[in-house]
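> Would you mind keeping the following structure in view while I ask a few things?
Here, each number is a calculation from the coordinates, and none is a lab measurement. The structure displayed is predicted, hence computed values, not measured ones. Cβ placement follows ideal geometry from the backbone for every residue including glycine, while neighbour counts extend to all protein chains displayed.
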Amino acid sequence: MPAMRKFDALCLRADAALQAEAWDEAAGLLRRALEMQPEAAMLHAALGQVLQRLDQRIDALACFHRAVALDPECAEAYAGLAAEMGRSGRLEERDDFLRRWLAIRIRRDGRTREAPASATQIRDTTLVCVDCRYHALAADALSRVLERCRFERALFFTDADVRLPGVERVRIAPIASIQAYSHFILKELDRYIETGFALVMQYDGYVLNGACWSSAFQHYDYVGAPWKYADGMTVGNGGFSLRSKRLLRALQDPEIAPLNPEDIAICRTYRPLLEKRHGIRFAPPEVAARFSFESLPPPGPTFGFHGIDHLYYLLGMSDAEIAAYRPPR
């Protein structure tokens, strides 16, 4: 049998073993295939994924690193590296690998995804994204939101020359740290917002299901995904959050310092002051759970989400699957 036909036959058998979850057999077949084509990055990544299943983590890491060395655009290898960093509790490294995976997937998938059949009108609200580090990721997330919803305005605060249809770019000085981001959101965003509300999003937090929008969210000054705290101050996450103009003005109170992270500052550190002095209303947890999720699985479909780890599941889903997505428990 010619070498290429033998190689193809090995790959077919390996794929069948993978489908059958016969991990030991798949590992053996992939190793034999790699003996014939040792420069095949995808085979190294596939072998790494199988070795993860077999709990051979050191060998899996070596496979993923080899795949990336052969092909820096091997998204599957970055996904594998991210999984290993997560299992080791090295979350900053996990997120870095996930961002690399995400950037490659965006470039690879392009604009081929199916857009929702209709967009939801979000009245009296400005869409806001502030990003000076992950410009392409933020631009893609903005595009996904605007496929699902319409706003009075959409503002992208950035230091880069990024042009998006329907989005006003606001050039700002580079924001190079979480501390600088928190300062901007707490103390500078107010002067740009002319509508009654601002929907703050990030590259890893955006709209999933426009049909889950409710005007009842605008009965409150702050709505964000619930957190798990025992003291009642559980709302909420700022990476995808609705904030009233009244709140943005209240944050100019000189007693409110620009602490990091900004959502903890608003929703926990200064919540008593904001409620008592400025009459700020935070959404109750059951309302916030319909708005968005981060780490706590919601009871049903939500308007949006926040968290880079969710993107691993969401990318590549159909619009119907995205609309119904809830994080694995």
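> Semi-axes of the equivalent ellipsoid of region 173-328: what are they in whole Å, largest first, if each equals the square root of 5 times a C-alpha gyration tensor eigenvalue? Kindly include the intermediate steps, with their values, before the conclusion.
Values: eigenvalues 132, 59, 42 Å².
Equivalent ellipsoid of region 173-328: 26, 17, 15 Å, largest first.
> In addition: Taking every DSSP beta bridge with both residues inside region 120-324, roughly what % is antiparallel (nearest 5)?
35
> Taking only Cα atoms and a 10 Å spring cutoff, compute GNM fluctuations for the chain and point out the largest among 239, 210, 166.
Maximum among the listed residues: 166.
> Hey, of (i) 18.6; (ii) 19.6; (iii) 21.4, which did the structure itself give for mean projected area of the Cα convex hull in nm² when calculated?
(i)
> Report the label-to-label distance for residue 54 and residue 31 in nanometres (one decimal), using points 7 Å from each Cα along the Cα→Cβ vector.
Spacing of the two 7 Å Cα→Cβ label points: 0.6 nm.
> Could you line up 99, 107, 148 from fewest to most neighbouring Cβ atoms inside 10 Å?
Ordered from fewest to most neighbouring Cβ atoms within 10 Å, 99, 107, 148 come out as 107, 99, 148.
> Quick check for me: using +1 on Lys/Arg Cβ and -1 on Asp/Glu Cβ, what's the dipole size of the chain about its Cα centre, in debye to the nearest 20?
560
> What distance in nm separates the two pseudo spin-label positions at residue 249 and residue 215, each 7 Å out from Cα along the beta-carbon direction?
2.2
> Give me the base-10 log of I(q)/I(0) for region 3-109 at each q in 0.10, 0.13, 0.18 Å⁻¹, Debye formula, one uniform scatterer per Cα, rounded to two decimals.
With one equal scatterer per Cα and no solvent, log10 I(q)/I(0) is -0.28, -0.47, -0.86.
> Which distance in Å, rounded to a whole number, links the C-alpha centroids of region 80-94 and region 126-196?
Value for the Cα centre distance between the two parts: 28 Å.
> Can you give me the relative contact order of the chain as a percent, contacts being Cα pairs under 8 Å and 6 or more apart?
Reported relative contact order: 13 percent.
> Which is farthest toward the positive dipole end of region 204-322 among 318, 300, 226, measuring Cα position about the Cα centre, with Cβ charges +1 (Lys, Arg) and -1 (Asp, Glu)?
The residue sitting farthest along the positive end of the dipole is 226.
> If you average the sequence gap of Cα pairs under 8 Å that are 6 or more apart and divide by the length of region 3-109, what percent do you get for the contact order? Walk me through the intermediate numbers first.
Details: 125 pairs, mean separation 19.0, N = 107.
Rounded, it is 18 percent for region 3-109.
> Using the crude model of +1 on Lys and Arg Cβ and -1 on Asp and Glu Cβ, and no other charge, please compute the dipole size for region 3-109 relative to its Cα centre, in debye to 20.
Charge dipole, region 3-109, about its Cα centre: 120 debye, nearest 20.
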